[in-house]
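Peer 1: Mind having a look at this structure? Questions to follow.
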Amino acid sequence: MVEKKGKKEQAPRAKMPEQAPDVRNKNFLEVPLGLTPDMAKMEAERCLQCKKPACVEGCPVSVDIPGFIARIAQGDFDGAAVKLWERNALPAVCGRVCPQEIQCEGNCILGKKGDSVAIGYLERFAADHARENGTADLPVVAEKTGKKVAVIGSGPSGLTVAGDLIVKGHDVTIFEAFHQSGGVLVYGIPEFRLPKSIVASEVETLVTLGVNIETNSVVGATVTIDELFEEGYDAVYVGVGAGLPRFMNLPGENLIGVFSANEYLTRTNLMKAYRFPEYDTPVPRGRNVVVLGAGNVAMDAARTAMRLGAESVKVVYRRSRAEMPARAEELHHAEEEGIEFILLTNPVQFFGNDNGRLTGMECLKMELGEPDDSGRRRPIAVEGSEYTIPCDLVVVSVGAQPNPLLTNATPDISLNRWGNIVADTATGKTTKKGVWAGGDIVTGMATVILAMGAGRESADSIHDYLTLGW
Amino acid sequence: MFKIVNREKMAQGTIVLNEIDAPRIARKAKPGQFVILQANEKGERIPLTMADVDSEKGTITIIYMIVGKSTRIFGNLQVGESYYAVIGPLGKATHIENRGKVVCVGGGTGIAVLHPITRGLKQAGNEVITILGSRNKDLLILEDKMAKVSDTLHICTDDGSRGHHGFVTDVLKDVLEKEDIGLVVAIGPVPMMKFVSMITRDKGIETLVSLNPIMVDGTGMCGGCRVSVGGETKFACVDGPEFDGHAVDYDELSKRLTAYQEDEKISMDACQAV
Ligand SMILES: Cc1cc2nc3c(=O)[nH]c(=O)nc-3n(C[C@H](O)[C@H](O)[C@H](O)COP(=O)(O)OP(=O)(O)OC[C@H]3O[C@@H](n4cnc5c(N)ncnc54)[C@H](O)[C@@H]3O)c2cc1C
Ligand SMILES: Cc1cc2nc3c(=O)[nH]c(=O)nc-3n(C[C@H](O)[C@H](O)[C@H](O)COP(=O)(O)OP(=O)(O)OC[C@H]3O[C@@H](n4cnc5c(N)ncnc54)[C@H](O)[C@@H]3O)c2cc1C
Ligand code: SF4
Ligand code: SF4
Ligand code: FES
C-alpha cells in the first residue's frame, strides 16, 4: 500500500495533455492524449487511500477506486486494470465518458478543499496500458453449461451482459441491428472523444472469449424474441437503447438541413462521412450551424460540425449555463474550440428557400421563472423578443425515446407510459418469462456506466436463472 | 453471408436483378417490405424493395436501377460474390385484401416493387388491371411476370415505341371512366405517383403509394426518411413505405431527394475516374 502523505500541501492535480484547441477543431483525432506512466504514478500518489472511500459511493458500479489507484502508484499497471475489470467491463470507455465530476470525483474527499483525484484519467490510463501492451490476462472461462443466451443490442449494457455470461460458461450470441457492434459508443460518441479502435478491441476480446455476434439482425423484424426461444435460447437480454430521435414539431422542420443528432452523428461516426468520398456516405458540411440542446449529444454534434469545417457553430439552449447537462469537460472543450453558447433562447420556426433548403431559424428569448418539478427554474418566453439566426444546418439534440420496433413485436413485455420496458430494478427481469432488459431502453437515455451496471445485475440474475430457475 | 446466387441484367443493362442468399430475411419477408444493403464496409446503406422472396431456398430478389455510385457498385457484383450487409425485412407489409377491382400502376423500377403486391392482390381474389409505363420499350421490365398476375395489362411508353403513346395517367383516366375501382396502387417516380393521386383524389378512390425518401438505418432511429403525410411527419422506414397517396406532400419529398445532389456527383465522378 502507498504511504499516506502526512503533509497538508497537496501536489497539484495532473493536467491532461491535449491537442491545442485550434488544431483539434480541424481533425477527428482524440482530444486528450492520455497521462504518461510517470504522471499517472504521481497522480495516484495524491490519493489518500481513505478507509471509507467516498469516491466509491459516487461510482454507480462501486469500482474499488483506492484499490486500483494503489496499484498504479506501485507501478503495477496491469494489476490496476484487473482490479477495474472486477466491477467495470469497459474502463477505457468509462475513464473517458463518465460524468466523473458528479460521480466518483465529485465525491472524492480531496475535492472538498482542493482538486479531487483525477480518477477518470487514471482509469483510462490503466485500461489503455493493459490494452496497448496486451499483458493483462483475460478472464478464465468456466466450464460450458450448455445454456444459450441471446443478447439483443451491442451497446455498453449488452456487451457487459455478454462478457459476464460467457465467462460463467454459457453460450452467448449478440444480435445487433447495425453492421458494427458498440451501440452509441460507435454510432453516437465521436472518434475525437472515444476512438473506435478502443470499442473494437473490447468487442474483439468478447469474440476471443467465445461470444458469437450476429450483426445486421434487427430483432422484431429479422427474428422475434419468441423465435429465439424456439431456436433454443434459454434466456434473452434486451439492451436496445433509446434510439428514437425527438423532434420539436416546429414549422419548417422537414427542410433540407434540419437533422436529428442521431442522423448527423450516425452518418459521421458509424458511416465515417467525415472521410467522404473515401467512404460513400455523405454528411452536410454546414457553414453556419445551430445545435439545439445542451447535453453530451449536443456537444458532440457541435464539435463535429466545427471539425467538418463550419464557420460558426452555435449551441442554442432554453435554460441557462448552470442547467446544461453535458459533462463539464465537454462544455469546456466545446467553448475552447470556438463554439458559441446562446442561452435562454428557444427556436420557434425554420425558414427555407424555394429549393426546400434551410436558411434560418427564428427564436425567442427566455427568462427563468419558478422552479419546475425537476427543481430547475422553468424558462418562460419573453414576449416580442423574436429574432432570426441565419443558418444552413440545424442539428436537433433535444433527447431520445425508446424505439418501439422490438417491443411492438413482443406484446407480452410490459412498457411504461413512455414506452420504456418495465424491468425489476434489482434483477432486470421483465414481465415476460426468460427475458431481461437494462440500459437506456429501461431508464431512458442515461449514461454508459448505468447501462453497464444494469447489464451486470441482469447477468447475475440470468446466471441464477440458468443454474437455479426463474 | 449474403451471397449473390443469381444475377440478370434488364432494360439494356440499366437495371439489374440480384437473387441473394439471406435465409433469415426470406423466412419473414412480406410484399411491400424492403431491405437495406451495403456492398462493402465503406459503402452507403441503400434501401431496395424485395421484388421476390423464396422462403424455401432462403433467397430474396432485388431489382434496381443504376443511378449513382452505390447502385453502380451493386451492379458490378457477380454471382458468387457477397453483399457486406443486408438488413431486413423492414417497413410495413402491404395490407392485402379483396377490394373487387383494383388498378396497379407501375413506372420504372417501381414495377419491381409493384410485382409482389399485384400478385398478392390477385391471389386475394381481386380483378387486377395493370398499367405499366416506361420511357421506351427497351426499358420496360417484368412485362411477362406482371401479365401473369393481371387480368388486363396496359403498356405505355413516352415515345410510343410500345403500347399507348403517352403517360400511364392517360390510360388510368380511361379505366376509371369505365370501371368501378376499389383501390389503386401506384409505385414509380415521384411525379407519377403525384399525378395518379391527383386523378384518383378527384374520384375519391383510395390510393396507395410507396415512397422512396433517403434513408440511413431503416429502423426509425435517424429521422432522415421523414415525409409529410396529412400534415403530420412520418418516418417512411417504419410508418411506411406505403402511404395514402392523397395525403402525401410530394413536393417536399421531391425536394428532400435532392439533399445530396452535389455529393452524389462527387461520388460518381470519383467512381468513374477509377
Ligand atoms: C451522442 C451521444 C453522446 C453521449 N455521451 C455520453 C457520455 O459522454 N457519457 C455517458 O456516460 N453517456 C453518454 N451518452 C449516453 C450513453 O451513450 C447511453 O446511455 C448508453 O450508450 C446506453 O447504452 P445501452 O447499451 O443501453 O444502449 P445503446 O448504446 O443505445 O446500444 C443499443 C444497441 O442496440 C441496437 N439495437 C436497437 N434496436 C435493436 C433491435 N431491434 N435489434 C437488435 N439491435 C438493436 C442498437 O443498434 C445499438 O447498437 C451519450 C449518448 C449519445 C447518443
Ligand atoms: C423503401 C425504398 C425502396 C426502394 N426500392 C427500390 C427498388 O426496388 N429499386 C430501385 O431501383 N430503387 C429503389 N429505391 C431507390 C434507391 O434506394 C436509390 O435509387 C438508391 O439509393 C440510389 O443510390 P446511388 O448511390 O446509386 O445513387 P445516388 O447517386 O446516391 O443518388 C441517386 C438518387 O437516389 C436517391 N438516394 C440516394 N441515397 C439514398 C438512400 N440512402 N436512400 C434512398 N434514396 C437515396 C437520391 O435522392 C437520388 O435521387 C428505394 C428507395 C426506398 C427508400
Ligand atoms: S466507472 Fe465512472 S464513476 Fe466509476 S470510478 Fe470509473 S470513471 Fe468513476
Ligand atoms: S475519496 Fe479521493 S482520496 Fe479518498 S480514496 Fe477516493 S480517490 Fe482517494
Ligand atoms: S431511415 Fe432512419 S428513421 Fe427511417
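The values are calculated or read from the model by the stated rules, or taken from the named source; none is laboratory data. Predicted model, so just to flag it, every value in this text is computed and none were measured. So basically every Cβ, Gly included, is an ideal-geometry build from the backbone, and we count neighbours across all protein chains shown.
Peer 1: Within region A:268-285, can one find any residue that is more than 30 Å from A:SER461 (Cβ to Cβ), more than 9 Å from chain B (Cβ to nearest Cβ), charged (D, E, K, R) and touching a Gly at 6+ places or on another chain (Cβ under 8 Å)?
Peer 2: yes
Peer 1: Out of region A:10-61, which residues are within 16 Å of ligand 1 (Cβ to nearest atom) and touching a strand residue (DSSP E or B) at 6+ places or on another chain (Cβ under 7 Å)?
Peer 2: Matches in region A:10-61: A:MET16, A:VAL31, A:PRO32.
Peer 1: Among the residues of region B:182-198, are any within 14 Å of chain A (Cβ to nearest Cβ) and assigned to a helix (DSSP H, G or I)?
Peer 2: Yes; the residues of region B:182-198 include at least one that is within 14 Å of chain A (Cβ to nearest Cβ) and assigned to a helix (DSSP H, G or I).
Peer 1: Okay, next question. Six or more apart or on different chains, Cβ atoms under 7 Å: show the pairs whose first residue is in region B:189-217 and over 25 Å from B:ILE87 (Cα atoms) and whose second is within 13 Å of ligand 2 (Cβ to nearest atom) and outside any helix (DSSP H, G or I).
Peer 2: Every condition considered, the pairs that remain are B:MET192/B:GLY107; B:MET193/B:VAL209; B:SER197/B:VAL209.
Peer 1: If the requirement is being in contact with a strand residue (DSSP E or B) (Cβ under 6 Å, 6 or more places away or on another chain), closer than 27 Å to A:TYR274 by Cβ, at pLDDT 95 or above and within 14 Å of another protein chain (Cβ to nearest Cβ), which of these qualifies: A:ASN216, A:ASN212?
Peer 2: When all the criteria are applied, what remains is A:ASN216.
Peer 1: Any residue at all in region A:147-159 that's modelled with pLDDT of 95 or more and surrounded by fewer than 24 Cβ atoms within 10 Å (Cβ to Cβ)?
Peer 2: Yes: one or more hits.
Peer 1: For B:MET221, only one of the following conditions fails: (1) buried (at least 19 other Cβ atoms within 10 Å of the Cβ); (2) within 13 Å of ligand 2 (Cβ to nearest atom); (3) closer than 26 Å to A:ARG357 by Cβ. What is its number?
Peer 2: Only one criterion is unmet by B:MET221, namely (2).
Peer 1: Let me ask another. Taking the criterion of being within 11 Å of ligand 3 (Cβ to nearest atom) and part of a loop (DSSP other than H, G, I, E, B), would at least one residue in region A:69-88 satisfy it?
Peer 2: Checked against the condition, which is being within 11 Å of ligand 3 (Cβ to nearest atom) and part of a loop (DSSP other than H, G, I, E, B), region A:69-88 yields at least one hit.
Peer 1: In addition: Does A:ASP115 satisfy the criteria of being within 22 Å of the chain's Cα centre (by Cα), surrounded by fewer than 20 Cβ atoms within 10 Å (Cβ to Cβ) and of a type in the set (Asp, Glu)?
Peer 2: No, not satisfied.
Peer 1: Continuing with this model, one more query. Give the residue, chosen from A:LEU292, A:LEU194, that is farther than 28 Å from A:ILE152 by Cβ, under 22 Å from the mean Cα position of the chain (by Cα), more than 10 Å from chain B (Cβ to nearest Cβ) and surrounded by 22 or more Cβ atoms within 10 Å (Cβ to Cβ).
Peer 2: When all the criteria are applied, what remains is A:LEU292.
Peer 1: So is A:LEU110 out of contact with any helix residue (DSSP H, G or I) (no Cβ under 6 Å at 6 or more places or on another chain), among the aliphatic types (A, V, I, L, M) and more than 29 Å from A:PRO190 (Cα to Cα) or not?
Peer 2: yes
Peer 1: Give me the residue from region A:92-107 that is surrounded by fewer than 24 Cβ atoms within 10 Å (Cβ to Cβ) and in a loop (DSSP other than H, G, I, E, B) and, out of that set, farthest from ligand 3 (Cβ to nearest atom).
Peer 2: A:PRO99
Peer 1: Quick one: in region A:165-191, which of the residues that are under 20 Å from the mean Cα position of the chain (by Cα) and charged (D, E, K, R) is farthest from A:THR447 (Cα to Cα)?
Peer 2: A:GLU176
Peer 1: Here's another thing I want to ask about it. Please verify whether B:VAL103 is more than 10 Å from chain A (Cβ to nearest Cβ), farther than 21 Å from B:PRO213 by Cβ and buried (at least 21 other Cβ atoms within 10 Å of the Cβ), treating the condition exactly as stated.
Peer 2: yes
Peer 1: Can I ask one more? Of everything in region B:202-240, what is among the acidic types (Asp, Glu) and either within 6 Å of ligand 5 (Cβ to nearest atom) or closer than 20 Å to A:THR281 by Cα (or both)? Give them in sequence order.
Peer 2: Result: B:ASP217, single match.
Peer 1: Now for a separate question. Considering only region A:134-152, I want to know if a residue exists there that is in a strand (DSSP E or B) and basic (Lys, Arg).
Peer 2: Yes, region A:134-152 contains a residue that is in a strand (DSSP E or B) and basic (Lys, Arg).
Peer 1: Give just the number: which of (1) touching a strand residue (DSSP E or B) at 6+ places or on another chain (Cβ under 9 Å); (2) within 13 Å of another protein chain (Cβ to nearest Cβ); (3) under 30 Å from A:VAL396 (Cβ atoms) does A:VAL238 not satisfy?
Peer 2: The failed condition is (2).
Peer 1: Can you confirm whether A:THR222 is at the interface with chain B (Cβ under 8 Å from one of its Cβ atoms), touching a helix residue (DSSP H, G or I) at 6+ places or on another chain (Cβ under 9 Å), closer than 25 Å to A:GLU329 by Cα and crowded, with 17+ Cβ neighbours inside 10 Å?
Peer 2: So A:THR222 does not fit the description; no.
Peer 1: Identify, from the list A:ASN262, A:ASN249, the residue that is in a loop (DSSP other than H, G, I, E, B), within 11 Å of chain B (Cβ to nearest Cβ) and not aromatic (Phe, Trp, Tyr).
Peer 2: The conditions single out A:ASN249.
Peer 1: Would you mind stating whether A:GLY34 is within 16 Å of ligand 3 (Cβ to nearest atom) and either in contact (Cβ under 8 Å) with a residue 24 or more places away in the chain or within 14 Å of chain B (Cβ to nearest Cβ) (or both)?
Peer 2: Here the answer is yes, as A:GLY34 does meet what is asked.
Peer 1: While we're here: If I filter region A:155-177 for residues that are within 16 Å of ligand 4 (Cβ to nearest atom) and farther than 30 Å from B:LEU90 by Cβ, do I get at least one hit?
Peer 2: No, every residue in region A:155-177 fails to be within 16 Å of ligand 4 (Cβ to nearest atom) and farther than 30 Å from B:LEU90 by Cβ.
Peer 1: Return the only residue of A:LEU405, A:LEU368 being under 15 Å from A:LEU244 (Cα atoms) and of a type in the set (A, V, I, L, M, F, W, C).
Peer 2: That would be A:LEU405, the only listed residue that is under 15 Å from A:LEU244 (Cα atoms) and of a type in the set (A, V, I, L, M, F, W, C).
Peer 1: For region B:36-85, name all the residues that are within 16 Å of ligand 1 (Cβ to nearest atom) and either away from every other protein chain (no Cβ under 14 Å) or in contact (Cβ under 8 Å) with a residue 60 or more places away in the chain (or both).
Peer 2: Listed by number, the residues that qualify are B:ILE36, B:ARG45, B:ALA85.
Peer 1: Surrounded by 24 or more Cβ atoms within 10 Å (Cβ to Cβ), touching a residue at least 24 places away in the same chain (Cβ under 8 Å) and closer than 20 Å to A:SER157 by Cβ - does that describe any residue in region A:129-142?
Peer 2: No: region A:129-142 contains no residue that is surrounded by 24 or more Cβ atoms within 10 Å (Cβ to Cβ), touching a residue at least 24 places away in the same chain (Cβ under 8 Å) and closer than 20 Å to A:SER157 by Cβ.
Peer 1: Looking at region A:231-248, can you tell me whether even one residue there is modelled with pLDDT under 95, within 18 Å of A:TYR317 (Cα to Cα) and away from ligand 5 (no atom under 16 Å from the Cβ)?
Peer 2: Yes, because at least one residue in region A:231-248 is modelled with pLDDT under 95, within 18 Å of A:TYR317 (Cα to Cα) and away from ligand 5 (no atom under 16 Å from the Cβ).
Peer 1: Could you look through region B:263-274, keep only residues that are facing chain A (nearest Cβ under 8 Å) and of a type in the set (D, E, K, R), and pick out the one that is surrounded by the fewest Cβ atoms within 10 Å (Cβ to Cβ)?
Peer 2: Among those that are facing chain A (nearest Cβ under 8 Å) and of a type in the set (D, E, K, R), it is B:GLU264.
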